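Below is one structure; the comments refer to it alone.
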Amino acid sequence: MLAADYGFDRDHLVFVELQGVPYPLFRQEMIKHSSIASVSASSAVLVGGQTWQRSRTAGMETNQLIGIITIDEHFIADLGLTILAGRAFDPAFSTEQQAVILSEKAVRDLGLKTPEAAVGAVVTFEEDQPLTVVGVVKEFYFRPLSNSSR
């Protein structure tokens with residue numbers, strides 16, 4: 001398991017639970033240190049957990065159970081994830097609150113034909129909030145390998 005390919009760069013990563021500290025303040029203080037290359041945020045520790053939501057795209061008769069994590073605009077670059085289609089989050093776009101980035105598996109599970117075809121599609125999650133796909137990333141593990149799913 002130590003030599004396994006998780007699909008992201010595990011070297012030099014440190015996961016910190018903020019325990020009530022506001023992320024913008026934490027990030028601002030951390031990037032002041034020359035020994036810290038970058039700081040990003042996610043709603044779950046990779047290979048540790050995530051939440052699940054039922055999701056669907058237009059034309060789907062049943063919802064699909066999709067593992068989700070919330071990330072900031074630095075996360076994809078910091079982990080060395082590969083964008084297959086579209087783009088990463090960008091705060092310059094005012095619509096980023098209504099955007100989603102999918103993994104290859106989510107593209108397949110949601111019945112979208114290819115990563116390129118997924119960009120621009122609308123995905124609706126349990127809370128009936130429609131989100132527009134702005135990007136697709138190459139598959140990576142965000143659950144423990146013992147669960148044998150990405």
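Quick notes on this one:
- Among the conditions (1) assigned to a loop (DSSP other than H, G, I, E, B); (2) at pLDDT 75 or above, the only one that ARG143 does not satisfy is (2).
- Filter pass, LEU84 being in contact with a Lys or Arg (Cβ under 9 Å, 6 or more places away or on another chain) and on the phi < 0 side of the Ramachandran plot: yes
The values are calculated or read from the model by the stated rules, or taken from the named source; none is laboratory data. Since we're looking at a predicted model, the values are computed, not measured. Every residue, glycine as well, gets a Cβ built from its backbone with ideal geometry; the counts of neighbours run over all protein chains shown.
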